[in-house]
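For reference, the structure discussed in these notes is given below.
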Amino acid sequence: MKGFGIPFGWLLGGVVALCAAAVFGISAGAASLTAADILRHFVGLLPFGWVESPLTERQEALLMELRLPRVVMGAIVGALLATAGGAYQGVFRNPLADPFLLGAAAGAGLGATMVMVFGGDLIADPRALVPVAAFVGALLGVAAAYALGSTAGGGGTAALVLAGVAVSSFLSAAQTLVQQMGIDQLQRIYAWLLGGLGRGGWEDVRLIAPYAAVGLAVLLLSGYLLDMLALGDDKAVSLGLNPAAVRLVVIAAASLATAAAVSVSGLIGFVGIVVPHIVRRLVGSNYRAILPVTVLAGGAFLVTVDIVARTIVAPAELPIGVVTAFLGAPFFVLILRTTRHRGT
């Protein structure tokens, strides 16, 4: 069933996938928590709950203070990165666009690193500045990649990708330079660069929640506008649309989403290119359908990947960015070959 271009069947499937991933994410670990015990615990928290929680005090603390915020954080970060990638692909009409290839993630990483190194000289608690600095860096990274790709390479797919790689490399080099200036923070910054969800808790969730809500809301409301842009600028103008203004708003919202994710999770690559492509294969090319399903699929994907990252070499834990790179790099090559064969 569809309404307003939204496939409710796929939305329901996304909700089920996200809930299933969340349950597995909460229960997986050295200290086992069964899905039944978790369900009984949350039912017992309801105002008229008739079930007594089966968890011990230690198990309850493990659930509420460690595993649940990690799963919530994974769902939010996955939704942000995936939806930002889908929006970039729509606004640039480029199947290879994603926060990492366009310089957004590298710019956000540079902004966040600068706050980590120099923010303590400005305010007592610089953490609140991290999302703002990451947002500014993400905008500058995307703007530089788009300008370079348009002027030096004519704005085609290959030119934009190469420009994004060049800008990302430059920003990463600048980030390395900043890291060396803050040698005392080097270990923390390096761990952050590899990507992960285990460092924060409810405080990080509260920190990025406003930015995530604004970014996702704007992107979800932009689905119809992206469908109009897909018809071409001339057709969009004839329908009363201002393509330049739409691109500016969507790029800003996607950069805000990327910055919010990067500011708390570090650099987690390939989510923004893998998830939107899978969703597009399932639901079609209508962005009013792609974006809401991508929100759910992105959250489910990253929560699932995080389970792999923290269990595959237990009791040690792999950086989640390493796992997404193993999954995403072959996928990216496949997409590149497909777009080349189609002549895009």
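The values are calculated or read from the model by the stated rules, or taken from the named source; none is laboratory data. Every value quoted in this text rests on a predicted model; they were computed, and no experiment measured them. Here the Cβ positions follow ideal geometry from the backbone for every residue, glycine too, while neighbour counts run over all protein chains shown. Accessible surface areas use protein heavy atoms only, side chains included; no ligands, DNA or RNA. Shrake-Rupley method; radii C 1.70, N 1.55, O 1.52, S 1.80 Å.
Which members of the stretch 233-252 meet the condition of being open to solvent by 10 Å² or more (accessible area, probe 1.4 Å), of a type in the set (Gly, Ala, Ser) and either within 23 Å of residue 114 (Cβ to Cβ) or assigned to a helix (DSSP H, G or I) (or both)?
Of everything in the stretch 233-252, those that are open to solvent by 10 Å² or more (accessible area, probe 1.4 Å), of a type in the set (Gly, Ala, Ser) and either within 23 Å of residue 114 (Cβ to Cβ) or assigned to a helix (DSSP H, G or I) (or both) turn out to be 238, 244, 245, 252.
Is the stretch 276-287 home to any residue that is without any contact (Cβ under 8 Å) to a residue 40 or more places away in the chain, touching a Pro at 6+ places or on another chain (Cβ under 6 Å) and open to solvent by 20 Å² or more (accessible area, probe 1.4 Å)?
No, there is no match, as no residue in the stretch 276-287 is without any contact (Cβ under 8 Å) to a residue 40 or more places away in the chain, touching a Pro at 6+ places or on another chain (Cβ under 6 Å) and open to solvent by 20 Å² or more (accessible area, probe 1.4 Å).
With 268, 290, 251, 320 as the choices, which residue is aliphatic (A, V, I, L, M), touching a Lys or Arg at 6+ places or on another chain (Cβ under 7 Å) and within 22 Å of residue 76 (Cβ to Cβ)?
290
So how many residues does the stretch 209-232 have that are surrounded by fewer than 17 Cβ atoms within 10 Å (Cβ to Cβ), under 21 Å from residue 295 (Cα atoms) and more than 21 Å from the chain's Cα centre (by Cα)?
2
Kindly provide the set of residues from the stretch 90-112 that are surrounded by fewer than 24 Cβ atoms within 10 Å (Cβ to Cβ) and part of a helix (DSSP H, G or I), ordered by number.
The one that is surrounded by fewer than 24 Cβ atoms within 10 Å (Cβ to Cβ) and part of a helix (DSSP H, G or I): 92.
Quick one: what pairs do we get from the stretch 22-36, first residue within 24 Å of residue 297 (Cα to Cα) and open to solvent by less than 30 Å² (accessible area, probe 1.4 Å), second in a loop (DSSP other than H, G, I, E, B) and not basic (Lys, Arg), C-beta under 8 Å, 6+ apart or different chains?
26/33; 27/33; 27/34
Could you list, in sequence order, all residues of the stretch 52-82 that are open to solvent by 40 Å² or more (accessible area, probe 1.4 Å), free of Cβ contacts under 8 Å to residues at least 24 places away in the same chain and of a type in the set (A, V, I, L, M, F, W, C)?
Answer for the stretch 52-82, where residues must be open to solvent by 40 Å² or more (accessible area, probe 1.4 Å), free of Cβ contacts under 8 Å to residues at least 24 places away in the same chain and of a type in the set (A, V, I, L, M, F, W, C): 61, 64.
Identify the residue in the stretch 296-336 that is in contact (Cβ under 8 Å) with a residue 40 or more places away in the chain and over 26 Å from residue 29 (Cβ atoms) and, among all such residues, is most open to solvent (accessible area, probe 1.4 Å).
Looking at residues that are in contact (Cβ under 8 Å) with a residue 40 or more places away in the chain and over 26 Å from residue 29 (Cβ atoms), I get 336.
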